[in-house]
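So the structure is just underneath, and the comments pick up after that.
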Amino acid sequence: MSDRRTFLKQSCGLCASMLGIGLVLPALNSCSSIAAIEANLSHGAIEIPLYNFTVENNLVLVKNKAFEFDVAIVKLGEGNFRAFNLECSHQSNPLIPTKSGFYCNAHGSSFSFEGKAMKAPAQNPLQEFKLVLNGDHLVLMV
Ligand code: FES
């Protein structure tokens, strides 16, 4: 009888740990080919050359010491780019890019590439920056 109890306890523990792995996987499913650039801020703007975007890579992370969080530039289609502050709108935690958007490992919120909150507890969209397409580069206004 005690062997059966031990078996059930261990089995339930295994199921619980498998469930936990299921919750963690989206965070581990992060994109492996993201371009990250250290950009210069000049007069409140940053220029991002379009060659950073490739067929395989529709996401560029812009890093600058003036920013508390990285800025994600997402290519949603031909000539359609958007820029988001990678700060979780729930309680100000850095977001992790994934294959389907952005993930917050503080409390599990996720956001689409359009900046929309997809999973609670975050309710609000990500802060978006103005972005202008100018020839062969983007101009990020911060
Ligand atoms: S700080 Fe991101 S989900 Fe809470």
Is region 37-48 home to any residue that is surrounded by fewer than 13 Cβ atoms within 10 Å (Cβ to Cβ) and touching a strand residue (DSSP E or B) at 6+ places or on another chain (Cβ under 6 Å)? yes
Please determine whether any residue of region 53-63 is of a type in the set (A, V, I, L, M), touching a residue at least 24 places away in the same chain (Cβ under 8 Å) and surrounded by fewer than 19 Cβ atoms within 10 Å (Cβ to Cβ). yes
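Which of the residues spanning region 64-82 are within 16 Å of the ligand (Cβ to nearest atom), in a loop (DSSP other than H, G, I, E, B) and surrounded by 12 or more Cβ atoms within 10 Å (Cβ to Cβ)? Don't jump to the end; show me each part of the working.
Step one: list which residues in region 64-82 are within 16 Å of the ligand (Cβ to nearest atom), which gives 68-70, 72.
Those still in the list that are in a loop (DSSP other than H, G, I, E, B) too: 68-70.
Within region 64-82, 69, 70 meet the criteria.
Every residue, every condition in (1) without any contact (Cβ under 8 Å) to a residue 12 or more places away in the chain; (2) surrounded by 21 or more Cβ atoms within 10 Å (Cβ to Cβ); (3) in a strand (DSSP E or B), yes or no:
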residue: 84; (1), (2), (3): no, yes, yes
residue: 92; (1), (2), (3): yes, no, no
residue: 107; (1), (2), (3): no, no, no
residue: 130; (1), (2), (3): no, no, yes
When region 99-127 is checked residue by residue, the ones that are away from the ligand (no atom under 14 Å from the Cβ) and hydroxyl-bearing (Ser, Thr, Tyr) are 100, 112
Search result, residues across region 92-142 that are over 22 Å from residue 45 (Cα atoms) and aliphatic (A, V, I, L, M): 95, 96, 106, 117, 118, 120, 122
Out of the residues in region 41-52 that are outside any strand (DSSP E or B), of a type outside the set (A, V, I, L, M) and touching a residue at least 40 places away in the same chain (Cβ under 8 Å), state the one that is nearest to the ligand (Cβ to nearest atom). 44
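Output the number of residues of region 25-63 satisfying the condition of being at pLDDT 90 or above and either in contact with a Gly (Cβ under 7 Å, 6 or more places away or on another chain) or not charged (D, E, K, R) (or both). Break it down stepwise before answering.
Within region 25-63, the first condition is being at pLDDT 90 or above, and the residues that meet it are 45-53, 58-63.
From what is left, the residues that are either in contact with a Gly (Cβ under 7 Å, 6 or more places away or on another chain) or not charged (D, E, K, R) (or both) are 45-46, 48-53, 58-62.
Count: 13.
The values are calculated or read from the model by the stated rules, or taken from the named source; none is laboratory data. Nothing here was measured: the structure is a model prediction, and the numbers come from that model. Neighbour counts are summed over all protein chains in view; Cβ atoms, including those assigned to glycine, are modelled from backbone coordinates with ideal geometry.
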